[in-house]
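Novice: What follows is a structure written as structure tokens; I'll ask about it next.
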Amino acid sequence: MAINTVVKADHHAPAITEMLARFAVSHPSRGWSDAVEREAHRTFANWVGCAIGPSGHETVVAALAAVMELAPAPQAAVLGRRDRVDMASAALLNGISSHTFDFDDTHLKTIIHPAGPVAPALLALGEHLKVSGRDLIDALVIGIEVSCRVGNAIYPDHYDRGWHITGSTGMLGSAAACARLLKLDAERTQMAIGIAASQPIGLREQFGTMTKPFHPGGAARVGLMSALMAKHGYTASQRALEAPRGLMQVFSSKTDWSQVTDKLGDSWEIALNTYKPFACGIVIHPSIDGCVQLREQHSLKPDNIKKVTIKVHSLVLELTGKKTPANGLESKFSVYHSCAVGLIFGRAGEHEYTDAVVNSPAVLALRAKVEAIVDDRISEAAADVRVQTHDGRDLHIVIEHA
């Protein structure tokens, strides 16, 4: 006989699922400031670029080959390619592609990549429905708001448990956004969110593999399918998010409902969106910034570098502590590799995360000289970088926020 474990739960949580559904349906078109509107356009444009860039990458090619075995109906485009596939597969493939280079937008409060699960679902559905750009942008803002507010409420406990929060909240935003585009009523939108809540995607163990970019793609597909199922009468729990055995309380022991409810419709999470200068995990960016600045300020040459010491928050090494990455995908989660290329090339774009660069003699030699030390007095967004040279210089810089 199974032994039941009593888990502490909040049995009086607000009706979050219903609240978000009504918000998704009823909030007026362009019901936000000019600044939020600009950020929405910027977010979508950035996402399109991030999706087109890797369209020929082996990650996308392999996923497309798998989809083609299913003989999909040619409903929607795969960005950067001539191929057309069914809507759900287009959402999957474009979501995968947009996250392959790890160059996509970031919501710093939660490290969610907001557009990745929402935009590909909207693009696929929008192309099929022939919607206006206005309707697409409205749905994008709404969907991102849903994902990020749920993320705010369960972060950091949810993330610390090992979930890749982009995929494990993104399917909710995708479902809400697609429901908006389909013009579902509040009840069916609530069902769409509820259906999606049973399909979270993404484990942090997959970072540095092809499966990491699957997370936003999979979440996009889940959200689109959930909205379509709700459209045709498929049902779910009305309290799929907030119930004691709903998504938020199951996936986090520290849920702050006010992060969802406060100023909903007045304050916008997309306004906090940021864009990456480097093609890697965002927690490495301060360290790269420090290395690039020291290189430029002191005309550093790789063969004159004796030792590199970086002090970072423990999360940096937890996420990006791969000391000897074997390939480009792994190197995006190596603070050691990233510091080496920052010092050698003065940049950390996609080229610096190719297999060839990862295994080049110059990078291997300098990477071995990089030491990373945990110092939790330093914030997750900061880094302390020191470079010692063979000619006796001791160079130091602190990046407070990259």
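Novice: What is the residue count in the stretch 80-114 for residues that are hydrophobic (A, V, I, L, M, F, W, C) and surrounded by fewer than 23 Cβ atoms within 10 Å (Cβ to Cβ)?
Specialist: 3
Novice: Right, something else. Yes or no: THR261 surrounded by fewer than 24 Cβ atoms within 10 Å (Cβ to Cβ) and of a type in the set (S, T, N, Q)?
Specialist: yes
Novice: Spot the failing condition for GLN249; the list is (1) outside the structural domain of HIS99 (by TED's automatic domain parsing); (2) in a helix (DSSP H, G or I), and only one is missed.
Specialist: It is condition (1) that GLN249 fails.
Novice: Also: Which residue out of LEU79, LEU20 is in contact (Cβ under 8 Å) with a residue 12 or more places away in the chain and within 26 Å of ALA153 (Cα to Cα)?
Specialist: Just one listed residue meets the conditions, LEU20.
Novice: Which one of SER334, SER360, SER379 is more than 14 Å from VAL292 (Cβ to Cβ), crowded, with 24+ Cβ neighbours inside 10 Å and either in the same structural domain as THR211 (by TED's automatic domain parsing) or among the hydroxyl-bearing types (Ser, Thr, Tyr) (or both)?
Specialist: Going through SER334, SER360, SER379 in turn, just one is more than 14 Å from VAL292 (Cβ to Cβ), crowded, with 24+ Cβ neighbours inside 10 Å and either in the same structural domain as THR211 (by TED's automatic domain parsing) or among the hydroxyl-bearing types (Ser, Thr, Tyr) (or both): SER334.
Novice: On to the next question. State the number of residues belonging to the stretch 95-126 that are closer than 16 Å to GLY208 by Cα and not in a loop (DSSP other than H, G, I, E, B).
Specialist: 5
Novice: When you look at ASN273, is it polar (S, T, N, Q), surrounded by fewer than 20 Cβ atoms within 10 Å (Cβ to Cβ) and touching an Asp or Glu at 6+ places or on another chain (Cβ under 8 Å), yes or no?
Specialist: So ASN273 does not fit the description; no.
Novice: Inside the stretch 162-199, can you point out the residues that are surrounded by fewer than 24 Cβ atoms within 10 Å (Cβ to Cβ) and either touching a Cys at 6+ places or on another chain (Cβ under 9 Å) or not in a helix (DSSP H, G or I) (or both)?
Specialist: Those that are surrounded by fewer than 24 Cβ atoms within 10 Å (Cβ to Cβ) and either touching a Cys at 6+ places or on another chain (Cβ under 9 Å) or not in a helix (DSSP H, G or I) (or both): GLY162, TRP163, LEU182, LYS183, LEU184, ASP185, SER198, GLN199.
Novice: Something else now. Pairs, please: C-beta under 9 Å, at least 6 apart or cross-chain, first residue assigned by TED's automatic domain parsing to the domain that holds VAL67 and touching a residue at least 12 places away in the same chain (Cβ under 8 Å) and in the stretch 205-217, second outside any helix (DSSP H, G or I) and among the acidic types (Asp, Glu)?
Specialist: LYS212/ASP102; PRO213/ASP102; PRO216/ASP104
Novice: Let me ask you something else. Determine whether LEU64 is more than 20 Å from the chain's Cα centre (by Cα), more than 23 Å from ALA271 (Cβ to Cβ) and exposed (fewer than 11 other Cβ atoms within 10 Å of the Cβ).
Specialist: no
Novice: Taking the stretch 220-258 as the search range and keeping residues that are among the charged types (D, E, K, R) and in contact with a helix residue (DSSP H, G or I) (Cβ under 8 Å, 6 or more places away or on another chain), which one is surrounded by the fewest Cβ atoms within 10 Å (Cβ to Cβ)?
Specialist: Residue satisfying both the conditions and the ranking: LYS254.
The values are calculated or read from the model by the stated rules, or taken from the named source; none is laboratory data. Since the structure is predicted, the reported quantities are computational estimates derived from the model, not experimental observations. Counting neighbours? That spans all protein chains shown, and the Cβs are built from the backbone with ideal geometry, glycine included.
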